[in-house]
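> The structure's right below; bear with me while I get my questions together.
The values are calculated or read from the model by the stated rules, or taken from the named source; none is laboratory data. No experiment lies behind these values; they were computed from the predicted model shown. Virtual Cβ from ideal backbone geometry, glycine too; neighbours counted across all protein chains shown.
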Amino acid sequence: MSTLILRTMGRLLAAVLILFSLYMLLRGHNDPGGGFIGGLICALGIVIGSLGEGSRRARRALRIAPRLIAAAGLAVALIAGFSAALAGKPFLTGLWMTVGGSHVGTPILFDVGVYLVVIGATLALLLALEEDAGRVNAGEVEEEE
Amino acid sequence: MSAAWLLFLPIALPFAGAVLAFIAGRAGDRRAPQWVNVGTTALMTLVSLLLLSAVWRDGPQAIQMGGWAAPFGITLVADILGAVMVVITALSGLAVAVYAMADIDEGRAKLGWHALYLVLLAGVTGAFLTGDLFNLYVWFEVMLIASFCLLVLGGDKAQLDGGLRYVALNLVATVMFLMAIGLLYGLTGTLNMADLHVTLKTVDAPGLVTTIAVLFLGAFGIKSAVFPLFFWLPASYHVPPVAVSAIFAALLTKVGVYALIRLFTLVFTADVDYTHGILLVIAGATMVTGVLGAAAQNQVRKILSFHIISQIGYMVMGLALYTPLALLGAVFYLVHHIIVKANLFLVGGVAKRITGSFELDRIGGLYKAKPWLAVLFLIPALSLAGIPPLSGFWAKLVLIEASLEVEAWVIAGVALVVGLLTVFSMSKIWLEAFWKPHPDGDAAVGAVALTRGETVALVAPIVLLASITVIIGLAPQPFLDLAARSAQELLAPEAYVRVVLGGLP
């Protein structure tokens, strides 16, 4: 799979897609977008990168295991929900404060949580599939088993 | 604690526990996620009991998630039925979590078994507490994904085979569910169940409403494994580890039954003769096919799987008769059945550990070797068959009384005969696994010695569940009262609707 074209373009596309996913995440605040779609785009970027560079490289670049990213995301989303409950409001109610002239609230925290869950879950699936396919191609395991 | 906390904690706790279990699993110690699992389910049990007592004291409770008013936001609501189901979910979740400490191997634990288990419980609890149809769909998805992962985790061939059948048929149900939701939303413009109760009365399209009702019936029919949509269940429940089979058997089909009860008392009551007539036929056919299927099986978990189906028939029968007494019976049956069924699977698992197989013709001699296990098997088995004074006797008694009350002779007869055939199946397991000598001689029983810790983890949940069965059997009155209140609320859901919609007319 690893050709010069894919390697070169893969790096470029990965960088652009990851950046674009952050834009989608933040844009979701008032417009179409948000954590879910942002997470999918980010995961897509990393996977395209890994197609060129190999999944081992991608895992190393991530530093954190994909499933742990998902768990961390779930934790962040829960914190966003619980903080409203601790403030005496129904679960998941948005809490707002003004930092340096702009509104900041817990909904963005929740969205970041979703973003991480989607990245983690998607990458866990796709990288595992990629590695499995790699083993099949290399003849390490038989395809019919 | 305020109602707001009590309503979302049963859902949020298992999610938080899942995160913790996962991180604890990565940190290295393989025992940590087990304890997180047990601790979380114990906390859930505590919170859900508090919720039930609040609902019993003050009537149905509701909160609006994120502060968005119903019917626009998502409402969490608990009436007696919902609260009872959450309690029983947490309780059986706790029992199976303890059992899993000795049942789930290190490999599966490492892949996140305990975290997935808690996500499954969160999905089930969410389905019981939501007041919104689309949200119900989401919880069904959470359940489906978690249960599919649990089913295939560890990945031997049989597991993948069973898992594939399970997920394929459940996806069909999901699509039907989604179509029905779409049609209903197009018709009424709302998916909040309390709001639907109000608006559906003003919609003048009886044909379309009945069509939608039957679509929902099909979707939840697959989920709850009623005739003729049950075949995914016996194809998949006997493949995963025992802890997984047990929690599936206890909860998954019952969520379908719960959804049927909720929708066909709160939302679709316009053409009761038609919809509940279908339900009654389904109930009878489900009971008979389930019990006959079980008679043909020769493997412990397959027999028990078919019995889930036949027992589902009893619950649907209670809903179909649609009288206060019948609904009381259905709710009582749900509670009794979850406890008993989970327990039977757990006992089957222990029997396998001691004798080496689930196949009845390859095992035996359990009574001689472990008489205490024989007693622990007999309690849920006789209760399932409806022998007094155990919980199943009262459940069947109430349902049959309800059917005689409305002179539904046929279904009453079917229920009685199926009860008898259940005794036959249970005595088959008794004779083959417990009474007859082991084909490989007495030495083969208990060849694999269990450590003391394993024995405690395997037997404690069985004792817990069996004692609940006995308590319900000997002192059924408080449980009948609870079910009666619940039936009352189901037939006259004004309080439920009021608490969800708040000040709205």
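> Test A:ALA77 against the stated conditions and say whether it is modelled with pLDDT of 85 or more and farther than 23 Å from B:GLN64 by Cβ.
Considered against the rule, which asks whether it is modelled with pLDDT of 85 or more and farther than 23 Å from B:GLN64 by Cβ, A:ALA77 comes out as no.
> Still on this structure: In the list B:SER357, B:SER310, which residue meets the criterion of being over 22 Å from B:VAL417 (Cα atoms) and out of contact with any Phe, Trp or Tyr (no Cβ under 9 Å at 6 or more places or on another chain)?
Within the list B:SER357, B:SER310, the selection yields B:SER357.
> Still on this model: Considering only residues that are within 14 Å of chain A (Cβ to nearest Cβ) and polar (S, T, N, Q), look in region B:46-96 and name the one that is farthest from B:LEU251 (Cα to Cα).
Checking each candidate, the answer is B:GLN64.
> On to the next question. When you scan region B:374-414, how many residues do you find that are small (Gly, Ala, Ser), surrounded by 23 or more Cβ atoms within 10 Å (Cβ to Cβ) and under 14 Å from B:MET317 (Cβ atoms)?
Selection size over region B:374-414: 4.
> While we're on this one: Please work out if B:LEU50 is under 28 Å from B:ARG452 (Cα atoms) and of a type in the set (A, V, I, L, M).
The answer is no for B:LEU50.
> Go through (1) closer than 22 Å to A:GLY73 by Cα; (2) away from chain A (no Cβ under 13 Å); (3) crowded, with 22+ Cβ neighbours inside 10 Å for B:GLY25 and report which single condition fails.
(2)
> Now for a different question. Hey, any hits in region A:34-45 for a residue that's within 14 Å of chain B (Cβ to nearest Cβ) and either exposed (fewer than 13 other Cβ atoms within 10 Å of the Cβ) or among the charged types (D, E, K, R) (or both)?
The answer is no; no qualifying residue exists.
> Taking interchain pairs and intrachain pairs at least six residues apart, which have beta carbon atoms under 8 angstrom, with the first residue in region B:23-51 and of a type in the set (Lys, Arg) and the second at pLDDT below 95 and surrounded by fewer than 21 Cβ atoms within 10 Å (Cβ to Cβ)?
Here the result reads B:ARG26/A:ALA65; B:ARG26/A:LEU68; B:ARG30/B:GLU106; B:ARG30/B:LYS110, each pair linking region B:23-51 to a residue that is at pLDDT below 95 and surrounded by fewer than 21 Cβ atoms within 10 Å (Cβ to Cβ).
> A further question follows. Any idea which of A:GLY88, A:GLY94 is facing another protein chain (nearest Cβ under 10 Å), closer than 25 Å to B:ALA62 by Cα and surrounded by fewer than 16 Cβ atoms within 10 Å (Cβ to Cβ)?
Unique residue meeting the criteria: A:GLY88.
> Considering every residue within region B:486-500, establish whether at least one is touching a strand residue (DSSP E or B) at 6+ places or on another chain (Cβ under 6 Å), touching a residue at least 24 places away in the same chain (Cβ under 8 Å) and within 30 Å of B:GLY131 (Cα to Cα).
Yes: region B:486-500 contains one or more residues that are touching a strand residue (DSSP E or B) at 6+ places or on another chain (Cβ under 6 Å), touching a residue at least 24 places away in the same chain (Cβ under 8 Å) and within 30 Å of B:GLY131 (Cα to Cα).
Residue by residue, here is whether (1) of a type outside the set (Val, Ile, Thr); (2) within 12 Å of B:LEU376 (Cα to Cα); (3) at pLDDT 90 or above holds:
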site: B:LEU431; (1), (2), (3): yes, no, no
site: B:LYS436; (1), (2), (3): yes, no, no
site: B:ALA443; (1), (2), (3): yes, no, no
site: B:VAL448; (1), (2), (3): no, no, no
site: B:THR455; (1), (2), (3): no, no, no
site: B:ALA460; (1), (2), (3): yes, yes, yes
site: B:ALA466; (1), (2), (3): yes, yes, yes
site: B:ILE471; (1), (2), (3): no, no, yes
site: B:ALA475; (1), (2), (3): yes, no, yes
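Yes/no matrix, rows are residues, columns are (1) more than 19 Å from the chain's Cα centre (by Cα); (2) modelled with pLDDT of 90 or more; (3) surrounded by 21 or more Cβ atoms within 10 Å (Cβ to Cβ):
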| site | (1), (2), (3) |
| --- | --- |
| B:GLU141 | no, yes, no |
| B:GLN159 | yes, no, no |
| B:LEU191 | yes, yes, no |
| B:PHE220 | no, yes, yes |
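> Let me ask something additional. Is it the case that region B:1-8 has a residue that's farther than 17 Å from B:VAL499 by Cβ and touching a helix residue (DSSP H, G or I) at 6+ places or on another chain (Cβ under 9 Å)?
Yes: region B:1-8 contains one or more residues that are farther than 17 Å from B:VAL499 by Cβ and touching a helix residue (DSSP H, G or I) at 6+ places or on another chain (Cβ under 9 Å).
> A further question on this structure: Could you please find all residues in region A:60-81 being more than 7 Å from chain B (Cβ to nearest Cβ) and buried (at least 17 other Cβ atoms within 10 Å of the Cβ)?
A:LEU62, A:PRO66, A:ILE69, A:ALA70, A:ALA72, A:GLY73, A:VAL76, A:ALA77, A:ALA80
> Kindly provide the set of residues from region B:260-279 that are under 20 Å from the mean Cα position of the chain (by Cα) and within 19 Å of B:LEU133 (Cα to Cα), ordered by number.
Residues satisfying the conditions are B:LEU260, B:ILE261, B:ARG262, B:LEU263, B:PHE264, B:THR265.
> Looking at region A:33-145, what helices (runs of 4 or more DSSP H) fall wholly within it and have at least 3 residues that are within 30 Å of B:TRP68 (Cβ to Cβ) and touching a residue at least 24 places away in the same chain (Cβ under 8 Å)?
The helices (runs of 4 or more DSSP H) meeting that bar are A:35-53, A:66-86, A:106-137.
> Condition check: away from every other protein chain (no Cβ under 14 Å) and either hydrophobic (A, V, I, L, M, F, W, C) or in contact with a helix residue (DSSP H, G or I) (Cβ under 6 Å, 6 or more places away or on another chain) (or both). Does B:PRO14 satisfy that?
Against the criterion (away from every other protein chain (no Cβ under 14 Å) and either hydrophobic (A, V, I, L, M, F, W, C) or in contact with a helix residue (DSSP H, G or I) (Cβ under 6 Å, 6 or more places away or on another chain) (or both)), B:PRO14 does not qualify.
> Please enumerate the residues belonging to region B:213-245 that are within 18 Å of B:GLY182 (Cβ to Cβ) and either touching a strand residue (DSSP E or B) at 6+ places or on another chain (Cβ under 8 Å) or without any contact (Cβ under 8 Å) to a residue 40 or more places away in the chain (or both).
The one that is within 18 Å of B:GLY182 (Cβ to Cβ) and either touching a strand residue (DSSP E or B) at 6+ places or on another chain (Cβ under 8 Å) or without any contact (Cβ under 8 Å) to a residue 40 or more places away in the chain (or both): B:LEU215.
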